[in-house]
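As structure tokens, the structure follows; a few thoughts come after it.
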Amino acid sequence: MNIGEKISQIRKMSGMTQEQLAEKMNVSRQTISKWEKGLSTPDLESAVTLCKLFRISLDDFMKGEEKVEKEEKLSLQDMIKINRRTQRMTILLLSGLFFLMIGILAGLFITALESTTTSMQYMLYRYIVTGQYESAPVEYWRLACPVILLMVIGIVLCASYIRERWREKKGNEK
């Protein structure tokens, strides 16, 4: 692969147009076009500027076939897949945390409700209104079932996120 092809590939991978690269390099778009077509090559100063701009070493840029071949394997479709996976992982984590938060809030509400219904003030109020001393019969397990379900869903989603991140790290180590 010649230098022109490397420039073109690196520029496209970074999502830049020839005009944008030319502006950053303080050269004309035609100069970038000539470099990419192989009609001319960048001088040493321009090559150094390119390397700084794209954060690659001058050695890799001038003769490093191995690095460019590795970059070729990362196509636009691969980058889209990585982006989608990152979005799915973020949604998974946020939804897990959301369900946990709702479950915790609902649990706190049920606890407050239980405290209120069994308090002396409520019993006195009930006596004044209905003439009965007993507290209002509330089946707390029926209220707690959705809370438990929400928390289980949240825990499962967060655990799925953690498992995927662990697999990802384990795969990167190999």
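Every number here is computed from the coordinates shown, using simple stated rules; none is lab data. Bear in mind that the values here come from a model prediction, so they are computed numbers and not experimental data.
So here's what we get for this one:
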| quantity | calculated |
| --- | --- |
| Semi-axis lengths (Å, descending) of the ellipsoid that matches the C-alpha gyration tensor of region 1-52 | 13, 13, 11 |
| Stretch gain in nm, segment GLN87-ILE155, where the contour uses 0.36 nm per residue and the Cα spacing is subtracted | 22.5 nm |
